[in-house]
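These notes concern the structure reproduced below.
Since every read-out is calculated from the coordinates, none of them should be taken as a lab result. On a predicted model such as this, the values are computed, not experimentally measured, just so you know. Reconstructed Cβ throughout: ideal geometry from the backbone, glycine too, with neighbour counts over all protein chains shown.
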Amino acid sequence: MIRFDEVTKVYRGTAKPALNSVSLEVLSGEFVFMVGASGSGKSSMLRLVLKEDRPSSGAIHVLGQDLNRISSRKVPYFRRNLGVVFQDFRLLPNKTVFANVAFTLQVIGKSKGFIHEAVPDVLAMVGLEGKAERFPHELSGGEQQRVAIARAVVNKPSILLADEPTGNLDPTTSMGIMTLLERINANGTTVIMATHDAGIVDRLQRRVVELVGGRVVRDERGGGYVTQAMPQVQPDIVIPAAGPREGLR
Amino acid sequence: MRLALVLGEVGQGLRRNLSMVVSVVLVTFISLTFVGTAILLQAQINQMKSYWYDRAQVAVYFCTDFSGVGGCDQTAATPEQVAAVEAQLESETLAPFIDAYYFEDREQAFENFQAQFEGNAIASLVTPELMTEAYWVNLVDPTQSQILADALSGLAGVESVVDQRSYLDQIFNILNASSFTAIGIAALMLVAAALLIATTIRLSAFSRRRELGIMRLVGASNRFIQTPFVIEGVVAALIGSVLAAGAVVAIVQFFVQGYLSETLPQTSFVGLDDALLVVPVLLGVGALLAAVSANVAITRYLRV
Ligand SMILES: Nc1ncnc2c1ncn2[C@@H]1O[C@H](COP(=O)(O)OP(=O)(O)OP(=O)(O)O)[C@@H](O)[C@H]1O
Ligand SMILES: [Mg+2]
């Protein structure tokens with residue numbers, strides 16, 4: 001579904017790579033947490049999957065396509081297979097909930113009939129029935145994130161990328177969002193979520209990929225935010241040097 | 001559905017950047033008015049050229065008692081020499097090129113001169129003896145005056161063979177230079193218009209960067225994203241073009257036909273039909289210019 005082969009990303013004007021020779025494979029239907037300190041490269045990885053950026057070296061395959069070979073004219077069509085959610089929701093403030101979700105379908109040329117069936121369905125799925133005519137500023141943060149998720153999945157993408165979707169939400173609201181993401185995952189969508197929320201990662205016990213300084217230092221199935229074998233203090237410094245981590249990969 | 005969406009985006013963009021749109025309208029208006037005026041000036045020059053060139057004659061001047069240039073030796077041409085020139089004009093070699101000719105003797109030349117310089121001090125200084133006898137020749141093809149010059153200027157008693165077109169050429173060179181100046185200014189202003197349209201479109205894209213970001217994320221095609229901006233530029237430029245077309249038509253109607261034609265009734269001026277021919281050119285140039293510069297601007301904006 002998604003495969004990184006020795007991917008390195010060096011941003012222009014920086015010496016230190018944001019991603020350093022990352023290899024990773026995510027299978028269809030998986031739920032993957034990306035964890036790591038700020039600046040460890042989580043968002044960079046998600047941006048590469050979306051082909052918002054190209055790697056400095058290495059190959060990325062998504063849905064069977066080599067992203068290095070996909071022409072810029074084809075990128076929009078490629079992105080229709082992916083849904084994205086961000087920490088800051090990114091809703092259009094002057095459009096209603098319904099219009100925000102419908103906008104996605106309109107710009108990819110779906111018919112009016114299709115839109116009027118699909119949008120209420122997906123709003124019900126995320127628990128926003130009855131709030132279709134509200135504007136984003138009339139909603140709580142959790143509700144706004146549900147709109148963003150509705151927008152991301154209304155086109156039934158095979159992959160959902162979520163970059164700290166609970167970053168601005170309280171723990172209870174966050175759990176509600178996670179339940180929703182699990183439901184979407186249970187329906188067959190591959191979910192990759194970057195997060196700093198230790199509580200969520202520990203609770204869900206899913207696959208965890210940990211990045212430190214642009215390198216994958218841990219790839220654990222059913223893991224927590226920090227691995228049990230890890231000392232709890234100063235994980236950033238200890239992890240790369242720790243021998244036992246290698247065995248986990 | 002999609003058309004309505006695209007047009008909605010266009011309307012939004014135009015409203016959000018109203019002041020920039022107004023400046024695009026004004027700059028295209030002024031630059032295209034220059035373009036239109038330059039085209040009409042060229043048309044006017046061509047019209048005058050063909051009018052005057054057709055009327056231009058070739059003069060075969062004869063020697064006078066006071067003339068020492070050409071084949072003259074301070075003695076007036078004899079009637080025999082004049083007759084020899086006329087024979088040449090009637091000859092089989094020259095006759096096919098000649099449409100009409102007539103002889104102007106000293107008295108006639110004197111009368112013409114007096115009429116032309118009436119009230120001028122020089123008119124009272126000239127006597128018929130000072131005037132030059134001449135044959136005035138209308139050629140079938142006015143460009144072939146060299147044939148007459150070659151055949152006649154060597155004959156005895158002929159002072160010179162002069163094509164009036166050589167005087168006209170100087171006047172038209174000046175007119176042409178002013179017309180090219182207008183075209184040059186028009187071209188510079190078109191460049192300014194193109195740059196302004198590009199800036200406006202970039203600004204418009206910047207003010208809509210949220211929507212653009214979301215459109216790109218959800219996979220809107222490049223063409224779908226770019227089209228509203230291109231239409232936006234074209235609409236603004238077309239408003240300017242329509243104003244320019246109106247201005248050009250008004251100039252022809254009220255200034256050229258209304259004022260110039262009244263003041264100089266002998267001269268024929270460009271008319272409303274010429275102005276109406278220029279209108280589609282202005283609209284086309286305006287639309288094309290806007291489409292190209294808006295397209296380049298938005299493509300480059302989206303690439304970074
Ligand atoms: N557009 C960019 N230009 C230059 N450097 C960048 C750019 N984006 C990210 N970086 C650098 O790349 C590194 C990884 O950044 P990235 O955003 O991927 O980290 P992250 O793991 O998502 O962090 P956070 O948890 O704070 O979101 C950082 O050092 C950052 O400064
Ligand atoms: Mg990030």
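Computed over every Cα-Cα pair of the stretch B:57-163 and binned at 5 Å starting from 0, the pair-distance distribution P(r) comes out as 2, 13, 22, 23, 18, 13, 7, 2, 0 percent. Bridging of A:Lys95 to aspartates and glutamates at a Cα separation below 14 Å is possible for A:Glu133, A:Glu138, B:Glu9, B:Glu211, once same-chain residues fewer than 8 apart are set aside.
On the principal axes of its alpha-carbon atoms, the protein assembly as shown has extents of 131, 51, 42 Å, going from largest to smallest. Summing charges over all other residues whose Cβ lies under 15 Å from the Cβ of B:Glu80, with Lys and Arg as +1 and Asp and Glu as -1, gives -2. May I ask you to list the aspartates and glutamates whose Cα is less than 14 Å away from that of A:Lys131, ignoring any residue fewer than eight positions away on the same chain? Output for A:Lys131: A:Asp121, A:Glu143. Projected onto their three principal axes, the Cα atoms of the stretch B:1-101 cover extents of 92, 32, 14 Å, largest first. Mind listing which GluC sites (Glu not before Pro) in the stretch B:78-169 are in a DSSP loop and have 13 or fewer other Cβ atoms within 10 Å? Those satisfying the criteria are B:Glu92, B:Glu118. A simple charge model with +1 on the Cβ of Lys and Arg, -1 on the Cβ of Asp and Glu and nothing else charged puts the dipole of the stretch B:46-101 at about 360 debye relative to its Cα centre. Helices meeting the span-like rule in chain A (full DSSP H runs, Cα extent of at least 15 Å along the helix axis, mean Kyte-Doolittle score of 1.6 or higher): A:97-107. Span-like helix criteria (full DSSP H runs; alpha carbon extent of at least 27 Å along the helix axis; mean Kyte-Doolittle hydropathy of at least 1.6) are satisfied in chain B by no helix. The share of Cα pairs per 5 Å bin across chain A, counted from zero up to the longest distance, runs 1, 6, 13, 17, 18, 16, 13, 9, 4, 2, 1, 0 percent.
Identify, among A:Ile192, A:Ser140, A:Val153, the residue whose Cα sits farthest towards the positive end of the charge dipole of the stretch A:134-194, taking +1 on the Cβ of Lys and Arg and -1 on the Cβ of Asp and Glu, with the dipole about the Cα centre. The Cα lying farthest towards the positive end belongs to A:Val153. Basic side chains Lys and Arg get +1 at the Cβ, acidic Asp and Glu get -1 at the Cβ, and with that the dipole of chain B about its Cα centre reaches some 4360 debye.
With the dipole of the protein assembly as shown worked out from charges on the C-beta (+1 for Lys and Arg, -1 for Asp and Glu) around the Cα centre, which of B:Thr199, A:Tyr77, B:Ala56 lies farthest toward the positive end? Farthest towards the positive end: A:Tyr77. Computed about the Cα centre, the dipole magnitude for the protein assembly as shown is approximately 6160 debye when only Lys and Arg (+1) and Asp and Glu (-1) carry charge, each at its Cβ. Candidate cross-link partners of A:Lys9 among the aspartates and glutamates, defined by an alpha-carbon separation under 14 Å and a same-chain spacing of 8 or more, comprise A:Glu52, A:Asp53.
Expressed in Å, the radius of gyration and Dmax of the Cα atoms of the stretch B:190-261 are 18.8, 64.
Using the Cβ-Cβ distance between B:Asp150 and B:Asp54 with R0 set to 22 Å, the FRET efficiency works out to roughly 0.45. Restriction of the trypsin sites (Lys or Arg not before Pro) in the stretch A:33-130 to DSSP coil positions whose beta-carbon has at most 13 other beta-carbons within 10 angstrom yields A:Arg69, A:Arg73, A:Lys74.
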